[in-house]
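Read through the structure below, which is laid out as C-alpha cells, and then see the notes.
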Amino acid sequence: MRLSGENLTCVRGGREVFAGLSFSLAGGEALLVTGRNGAGKSSLLRLMAGLVRLAEGKLTLDGGAAEASIAEQSHYLGHQDALKPALTVAENLAFWADYLGGGDVAPALDAVDLAALADLPAAYLSAGQRRRLSIARLVAVKRPIWLLDEPTSALDAASQSRLAALMRAHLAGGGIIIAATHGPIGLEGARELQMGPA
Amino acid sequence: MPFLDFANPSRFLAFARRALPWLSGASLIAFALAIYLATAVPFALYEQSQTILIMFIHVPAAWLGMMGWALMSVSALGTLVWRHPLADVAAKATAPVGAAFTFICFTTGWLWGRASWAGGGNLPLEYMILDARLSSVLMLLIFYLVVIALVRAIDEPSRAARVAAIFTLVGVLILPIIKFSVDWQQGKYTLHQRESLIRADGPQLDMPILITLLVAALAFTLLFFTLHLAAMRNEILRRRVRSMRLMQARELAEASA
Amino acid sequence: MNALLALIKRDMRLAVRVGGGTGIGLLFFLIIVVLTTFAIGPDPKLLARIGPAILWLGALLASLLTLDRLLTSDAEDGSLDLIMMADMPLEIAVAAKASAHWLTTGLPLVIATPFLGLLLNVNPSATLAVAFALLVGTPAFTFIGLIGAALTVSLRRGGLLLSVLVLPLAVPVLIFGMAASGTAIGEANFGTAFTILCALALMSLVVGPFAAAAALRAGLD
C-alpha cells in the first residue's frame, strides 16, 4: 500500500495555507508533521480526511480498497472528541464502532484503560480520559490510515506510552500514520515533514 | 429557625425516612374520610348533585396549585437570599407536584364548566370556551412547565437552581398581572361562580358541603406534602449519585497521572 | 443497516436524555395556542373557525424551534466530521437524523393536537382531520427544515436565519395541509388536498436529504 500526495495546495478562507507539498508513504511507515501554529498541520490532515477541499495537486492511495475513498479508509483524530456527554463511555464507543463498520468495544476500552469507567456518562470524564476514549475508536474499528492531530495533548506519561505502543502495533500491521505534533510522540524512525514559510 | 436544623442533607434524609410513613398514613385516612363524606352525605340540596363531586377535587387542586408556586417562591428566596442548602432541592421537588395539581384543577374546571354549561346554560355547547379563570390557571400551568424545562436544560444543579429561582420570583409578580389582564379581557365570559368561601360575610356554603370540602382539602394537602417530601429525598439521593460518579471518574484520572 | 439503526438509536437516545426536543417542542406548541387564544380574544365562533390554522402554525413553529440543534450539535463536537468520512452516504445519514428528529419531536406534536384542539374549541371531527393531516405534514416540515439546518450549520446564531430559509419552502405544505384540514368544516375536497399533501411530503423525503448533504459538502472549506 502506498499513500502519496503530489503538489498539494490548500486554500482556506481566501488564504493560501500551504502549496506544493509532496510526500509518499508506504505501508508500515509514519510521517510526523511539525511546524509552528498556523503553519497548516491541521489543514493538511483535514485535507487528507476529505474535510477540506484540495485546491491543486493530487492525493492517491495505491493498494487500498478499490471502491472506497481515502477518507473512508482513514481514522481522523482531530482536536474535538466526537463524544456525546449524555451517553456513557461504552455507548459512545459502541455507536462509532457500529457506524464506522463494526468493531469490538470491550478490547478497545481495555487497550486505553477505560474499562472501569464503561458505564459512566462521558460528561464526567477528564480531558485526558476523553482523549483516550477517542483513541479507543481507532483501536475498535480497523482502518489502514491514521490521521492524528496532536494525539498526545491532554495525555499523561502513562497514557502517552500506551498510545505509542498502539501506534507501533498499527505500523507493524502495515498501517500508515500521519501525525501532526509539537514534540516527540514515541515513534522513533518516523520521517518528518516540517511545515512553515518557505 | 427550624429550617436550619435540616440544612444538613443527611439529617434531612433521616427525618424524611421517619416522617414519610406517618404522612402517607395520614393522607390515606384523610382520603378515606373525604370519600366517605362525599358519597354518603346526600347533596340533593344543590341542583347539580352529581357534578358537585368535582368541586371536592377541583377546589383543593386550585389551592394547592397556587400554594405550590408560593412555596417555590419562598424556596427561591432561600436559595438566593438566605443561601439555605436545601432550598433549591425543595423548589425542584415542588414544581412537578404543583404542576400536577394545577393540571388537575384545569381539567376538572374545564369538565365541570362543560357539564354545567350543557346542563343549565343559555348558550349552546359550542360556545364553551376558556373563560377568564381557566385561562389564568392555564397560564400558571405553563409557568410551572417552563420552570421544569429550565431546570432540565441546565446540567449543574446549583446554577440551575439559581436561574429557576429568579424565574420563580418573576413569576410571582407576573401571575397576578396575568390574572388581572385575563379577567379584564374576558369580562363577559366568566363561567366561574363567584367566591363562596372566603367572603366578608363568612362562608356562604352549606355546612355539609363545607365540611366535606375542608376534609378533602386536608387530604390533598397531606398528599402534596407526602409527595413533596419523597421528591426532596429522591433529589438528594440523585445528587449523591452524581457526586459519587464524579469522584469515581476523578479517582481514576489521577491514578494514571 | 446496522449503522443506520445505530445512528437513529443514538439520536433518539440523546433527544430523550438531553431534552430540548420533545418536552420543549410540546411546551412551545401549547404556549403558541394559548397566546393566540388571548390575542384573538373571547370569540368562540372565530376560534373554532381558525383553530386548525392555529394548530398548523403552532406545529410548524415548534418543529422549526428544535431543528436548530439537529446538525449544529454534531458539528460542534466533531461528530459531523466523522459522519462525513464514513462509508454510509451522507444523504442517508442526514435522512436518518431527520427521521429520529421527527419521531421525537414531530410525532408528539401530532399526538398533542387533539388535546389542544379541545382548548381551541375546534369541532372534534375537524380536530381529527387536522391531526391526520399533520401526521403527513410534520415529516414534511422536518425534512424541509433539514435543508435549512444544513445551510446554517456553521453559523453561530443560525436559528433565525434557519427559520427564514425554511418557512417559504414550507408554504405549499401549509396550504395543502390547511385545505385537507378544512374538510370537516365543509370546504375543500379532503381526498384531493390530502393526496397532494402526501405527494409534497414524499418529495421532501427525497429532496431534503439530497439538498442537505449537498449543503453540508458545499459548506466545507
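One table, with the values for the structure above:
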read-out	value
Most mobile of C:A193, C:A39, C:A179 in a GNM of chain C (Cα contacts under 10 Å)	C:A39
0 to 90° range, to nearest 10: angle between helix A:127-140 axis and chain A longest Cα axis	80
Percent RCO, i.e. relative contact order, over segment C:2-218, from Cα pairs under 8 Å lying at least 6 residues apart	25
Net charge, C:G21 excluded, C-beta distance under 13 Å - Lys, Arg +1, Asp, Glu -1	+3
Cut-off under 5 Å, modelled amide H: who pairs with A:A180 long-range	A:V33, A:L148, A:D149, A:E150
Hydrodynamic radius of segment C:8-60 per Kirkwood, over alpha carbon pairs, in Å	12.6
Length-normalised contact order for segment A:84-198 - Cα pairs under 8 Å, 6+ apart - percent	25
Highest-MSF residue in chain A out of A:R130, A:R36, A:R15 [GNM, Cα springs under 10 Å]	A:R15
Distance histogram in 20 Å bins (all Cα pairs of the protein assembly as shown, percent per bin)	15, 39, 31, 13, 2, 0
For segment A:39-198, convex hull volume per residue from C-alpha positions, Å³	129
Reachable aspartates and glutamates from A:K58, criterion Cα separation under 15 angstrom, eight or more residues apart if same chain	A:E6
Whole-Hz ³J(HN,Hα) from phi, Karplus 6.51 cos²θ - 1.76 cosθ + 1.60, for segment C:110-117, glycine and proline x	4, 5, 6, 4, x, 5, 5, x
Cβ-based exposure ranking for C:F190, A:F18, C:F176, in which fewest neighbours within 10 Å come first	C:F190, A:F18, C:F176
For A:D104, distant residues with modelled amide H under 5 Å away	none
Most fluctuating residue given options C:L200, C:L47, C:L14, as computed from a GNM of chain C linking Cα atoms under 10 Å	C:L14
In sequence order, calculated HN-Hα J values of segment A:40-45 (Karplus, 6.51, -1.76, 1.60; Hz; x Gly/Pro)	x, 4, 5, 5, 4, 5
Fraction of antiparallel bridges per DSSP, segment A:71-192 only, in percent to nearest 5	10
Environment charge of A:L21, counting only residues whose C-beta is closer than 12 Å and scoring Lys/Arg +1, Asp/Glu -1	-1
Computed [θ] at 222 nm, deg cm²/dmol, the protein assembly as shown (DSSP H ≥ 4; -39,500 (n - 2.57); rounded to nearest 500)	-22000 deg cm²/dmol
Interchain or long-range residues, amide H under 5 Å from A:F18's placed H	A:C10
Per-residue ³J(HN,Hα) for segment A:8-19, Karplus 6.51 cos²θ - 1.76 cosθ + 1.60, θ = phi - 60°, Hz, x for Gly and Pro	6, 10, 10, 10, 10, x, x, 9, 7, 7, 8, 8
Local electrostatic count, A:A140, Cβ distance below 14 Å [Lys/Arg +1, Asp/Glu -1]	0
Exposure rule at most 16 other beta-carbon atoms within 10 Å, DSSP loop trypsin sites (Lys or Arg not before Pro): chain C longest free segment	C:1-155
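Since every read-out is calculated from the coordinates, none of them should be taken as a lab result. Please read all numbers here as calculations on a predicted model, not as lab measurements. Glycine gets a Cβ as well: all are built from the backbone with ideal geometry, and neighbour counts include every protein chain shown.
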